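Take a look at the structure below.
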Amino acid sequence: MTPDTDQTDQMDRADQAGPTDPAEAVTEEAGLRDLIGGARVVLWDFDGPVCRLFAGYSADRVAGELVDWLERLGLKGMLTQEEQVHPDPHVLLGAVNRRRHDSDLVADFEERLTREELRAVPTAWPTAYADPLIRTWSALGVGLAVTTNNSPRVVSEYLATRGLLDCFAPHIYGRTQDLHLLKPDPYCLNRALSAMGVAPEQALMVGDTTSDLTAARRAGVPFLGYARNEEKAKAFREAGAETVVDSLQPVLRLLWKDAAGRVHV
């Protein structure tokens with residue numbers, strides 16, 4: 001696992017971000033407080049809000065190896081030129097599934113991707129403030145679930161390495177053999193809501209892609225966007241996301257502040 005100094009560096013950078021206009025900061029804090037205040041359950045996307053899974057084990061490399069495997073099978077031609085060089089292995093998985101749905105090839109491809117994700121776990125970087133935020137929400141009695149397009153085996157292994165598995169288990173809803181149900185389909189969110197017995201409006205999803213946003217909208221779940229760079233922030237703005245943060249620190253700070261206020265009442 002990445003040394004603690006790496007996370008400290010991320011935290012230092014996150015502290016420097018945020019609005020410079022005091023009025024804007026107050027407005028954003030109020031909106032954020034309203035969003036998280038009514039959440040009985042928080043649904044987390046995994047790769048992004050919880051950690052950067054491929055931080056030390058390049059997703060580019062994984063995608064390239066999967067394309068090479070298809071080439072050895074004589075099937076590289078089923079991918080478009082853009083897909084053949086795409087750095088996201090999940091894009092390749094979706095392409096193979098669309099063209100060979102329910103085939104052994106799709107099952108083999110998914111299993112190979114799962115193995116690559118598992119190999120990435122030891123070098124994954126925890127997202128700044130994610131660990132303490134997860135523990136704080138859990139300690140406050142808020143239910144937590146993971147709703148992700150990654151393999152649930154991968155999620156469980158990562159959370160175990162961070163001592164966080166008990167905060168989520170058994171509510172880890174990841175990729176299944178029915179790949180057409182990956183986000184933006186709301187299937188994994190609906191599974192979590194049903195299992196945890198909460199209405200959509202009583203939940204909150206934390207995600208870092210527009211696919212997460214779309215899935216949350218389709219499920220009727222309020223959404224908090226996490227954008228670690230301007231590219232992701234721009235994509236959220238264009239998709240109409242109402243609340244986006246570039247660090248999880250303000251969320252954690254609000255939880256601590258509200259918890260302290262309840263103690264002193």
Going through region 43-64 one residue at a time, which ones are in a strand (DSSP E or B) and open to solvent by 10 Å² or more (accessible area, probe 1.4 Å)? D47, R52
Please state which of the following conditions L92 fails to meet, knowing it meets all the rest: (1) at pLDDT 90 or above; (2) hydrophobic (A, V, I, L, M, F, W, C); (3) open to solvent by 30 Å² or more (accessible area, probe 1.4 Å); (4) part of a helix (DSSP H, G or I). (3)
Just the residues that are buried (at least 23 other Cβ atoms within 10 Å of the Cβ), over 21 Å from A195 (Cβ atoms) and β-branched (V, I, T), please, taken from region 124-165. T127
Could you count how many residues in region 207-221 are buried (at least 17 other Cβ atoms within 10 Å of the Cβ) and in contact with an Asp or Glu (Cβ under 7 Å, 6 or more places away or on another chain)? 4
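Every residue, every condition in (1) touching a residue at least 24 places away in the same chain (Cβ under 8 Å); (2) open to solvent by 20 Å² or more (accessible area, probe 1.4 Å); (3) in a strand (DSSP E or B); (4) not basic (K, R), yes or no:
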residue	(1), (2), (3), (4)
A192	yes, no, no, yes
M205	yes, no, yes, yes
K234	no, yes, no, no
R253	no, yes, no, no
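Filter the helices (runs of 4 or more DSSP H) completely within region 102-188 down to those with at least 1 residues that are closer than 21 Å to V67 by Cα.
Numbers: elements: 104-120, 130-139, 152-161, 165-168.
Those helices (runs of 4 or more DSSP H) span 104-120.
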Out of R135, R191, R175, which single residue is under 20 Å from L118 (Cα atoms) and not hydroxyl-bearing (S, T, Y)? R175
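Does G240 fit the bill of being surrounded by 14 or more Cβ atoms within 10 Å (Cβ to Cβ) and at pLDDT 95 or above?
Spelling it out, it is not the case that G240 is surrounded by 14 or more Cβ atoms within 10 Å (Cβ to Cβ) and at pLDDT 95 or above.
The values are calculated or read from the model by the stated rules, or taken from the named source; none is laboratory data. On a predicted model such as this, the values are computed, not experimentally measured, just so you know. Cβ atoms come from the backbone with ideal geometry, glycine included; neighbour counts cover every protein chain shown. What goes into the accessible areas is simple: the full protein's heavy atoms, side chains included, and nothing from ligands, DNA or RNA. Shrake-Rupley method; radii C 1.70, N 1.55, O 1.52, S 1.80 Å.
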